[in-house]
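Enquirer: Have a look at this one before I ask anything.
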Amino acid sequence: MSAGRDADSIPQERAALVALLRERPGSRGWAEITAGVLEAGSALAVWQRVVPPVLVRPPGEPDPLDAAAGQIRRWVDRGWRLLSILDDDYPARLRGVHQAPPVLFARGRLIAGDVAVSVVGSRDASPRGRDIAAGVARELAARRVTVLGGLARGIDTAAHRAALEAGGRTVCVIGTGIDRAYPAENQDLQEQIATHGLVLSQFWPDAPPQRHNFLMRNATMSGYGLATVVVEAGEQSGSRAQARIAVGHGRPVILTSLVVERNDWARALVGRPGVHVAGRLQAVLDVVDDLIAEPAAVGAALHRLAPS
């Protein structure tokens with residue numbers, strides 16, 4: 001729990017945050033609610049400030065805080081863990097970016113300070129691209145670095161599977177609610193990751209796949225990880241968006257020569273601070289090794305670069 005909050009206050013805080021996000025008082029968006037909660041250090045304080053007290057509710061209309069608390073209990077009964085952005089076990093590196101989700105739903109094992117690298121790319125990946133992704137994932141696993149992906153077809157799937165096969169840790173940040181699997185053929189893979197790694201979602205548990213979800217998911221992946229490796233991607237790939245977002249976050253981006261050779265957007269990033277081009281697997285690993293060699297120095301650098 002965060003400073004200034006005792007254990008008894010945590011359920012109330014989570015209920016207040018869920019109620020704020022559900023009710024959106026004053027038509028506030030999630031980003032505005034998140035900013036207000038972070039500034040106040042308390043979702044309950046924000047709720048009490050922006051929601052006028054009701055002395056008597058109409059018959060049958062539940063109190064929003066009670067309704068939110070009941071919903072949270074039902075989520076817990078399903079085996080889903082709810083993380084508030086104010087909780088100590090919310091990923092600290094992710095909290096430092098301005099797109100940090102106000103809540104996360106989790107299945108699996110959370111690790112404080114998880115050292116993770118995104119391995120992402122095209123859904124319509126070539127055999128060469130899938131081989132590169134698997135090779136990067138195996139080497140990350142050998143270094144005890146978490147392989148981070150979005151459970152998408154192609155590159156993400158190859159990286160997740162290779163990490164699991166190597167006995168490593170993998171985390172998937174999904175673009176749907178945690179009660180869904182997308183694509184459907186990766187449902188078993190999602191279950192394996194929940195058992196041996198971690199599944200995260202920033203959406204309500206029953207949320208379907210929608211285009212804008214995946215851009216938000218990419219920002220979360222960038223914020224969670226130390227760096228992003230783009231293995232293979234097209235001009236309209238979501239990985240292009242993640243690479244650009246990662247640059248904005250001050251996170252290193254590693255582009256394979258496969259990506260740079262084929263894409264104008266990748267060539268436009270070359271030369272930007274923190275952007276590396278890797279012509280072979282060892283070049284990718286050299287960058288990663290430099291990142292994990294001095295974690296304290298890396299953490300301090302990322303803190304300086306993160307948006308205030």
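Enquirer: Answer with a single label: of (i) 23.4; (ii) 21.0; (iii) 20.0, which was calculated as Kirkwood radius over Cα pairs in Å from the structure in view?
Expert: (iii)
Enquirer: As I understand it, the value is the acute angle between the Cα axis of helix 238-249 and the longest principal axis of the Cα atoms of the chain; what does it come to in degrees, rounded to 10?
Expert: 70 degrees
Enquirer: Just want the answer: with Cβ charges of +1 for Lys and Arg and -1 for Asp and Glu, which residue in 12, 82, 31 is farthest toward the dipole's positive end in the range 9-88?
Expert: It is 82.
Enquirer: What is the sum of charges around residue 265, taking Lys and Arg as +1, Asp and Glu as -1, for the other residues whose C-beta is under 11 Å from the C-beta of residue 265?
Expert: That sum, taken over residues with Cβ under 11 Å, equals +2.
Enquirer: Sort 243-251, 125-133 by the packing proxy (mean of other Cβ within 10 Å over each peptide's residues), most packed first.
Expert: Most protected by this proxy first, the peptides run 243-251, 125-133.
Enquirer: For the pair residue 211 and residue 290, how long in nm is the line joining their label points, each one 7 Å along Cα→Cβ?
Expert: In this crude spin-label approximation the distance works out to 3.8 nm.
Enquirer: Of all beta bridges DSSP finds with both residues in the chain, what is the antiparallel percent, to the nearest 5?
Expert: 30 percent
Enquirer: I've got another one for you. Do the sum for the chain: with -39,500 (n - 2.57) for every DSSP H run of n ≥ 4, divided by all residues, what is the mean residue ellipticity at 222 nm, to the nearest 500 deg cm²/dmol?
Expert: -15000 deg cm²/dmol
Enquirer: Could you work out the relative contact order of the chain, using alpha carbon pairs under 8 angstrom and six or more residues apart, expressed as a whole percent?
Expert: Once normalised by length, the contact order is 15 percent.
Enquirer: How much length is gained on full extension from residue 280 to residue 195, taking 0.36 nm per residue of separation minus their Cα-Cα distance?
Expert: 27.4 nm
Enquirer: What FRET efficiency, computed as 1/(1 + (r/R0)^6) with R0 = 51 Å and r the Cβ-Cβ distance, is obtained for residue 268 and residue 78, rounded to the nearest 0.05?
Expert: For residue 268 and residue 78, the calculated efficiency is 0.70.
Enquirer: So, one more: Between helix 281-293 and the chain, what is the angle of the helix's C-alpha long axis to the longest principal axis, kept within 0 to 90° and rounded to the nearest 10?
Expert: Taking Cα atoms only, the helix is inclined about 50 degrees.
Enquirer: Shifting gears a bit: Please state the relative contact order of the range 143-184 as a whole percent: Cα pairs under 8 Å, 6+ residues apart?
Expert: RCO, the range 143-184: 44 percent.
Enquirer: Could you state the angle between the C-alpha long axis of helix 187-196 and the longest principal axis of the C-alpha atoms of the chain, as a value from 0 to 90 degrees rounded to the nearest 10?
Expert: The helix 187-196 is inclined about 80 degrees to the chain.
Enquirer: Using a basic spin-label model with each label point 7 Å from the Cα along Cα→Cβ, how many nm lie between residue 185 and residue 88?
Expert: In this crude spin-label approximation the distance works out to 4.4 nm.
Enquirer: Next up: Counting other Cβ atoms within 10 Å of each Cβ, which GluC sites (Glu not before Pro) in the range 222-295 have at most 16 and sit in a DSSP loop?
Expert: 235
Enquirer: Determine the dipole magnitude for the range 9-88: charges of +1 sit on the beta-carbon of Lys and Arg, -1 on that of Asp and Glu, nothing else is charged, the reference point is the Cα centre, and the result goes in debye to the nearest 20.
Expert: Rounded to the nearest 20 debye, it is 200 debye.
Every number here is computed from the coordinates shown, using simple stated rules; none is lab data. The structure displayed is predicted, hence computed values, not measured ones. So basically every Cβ, Gly included, is an ideal-geometry build from the backbone, and we count neighbours across all protein chains shown.
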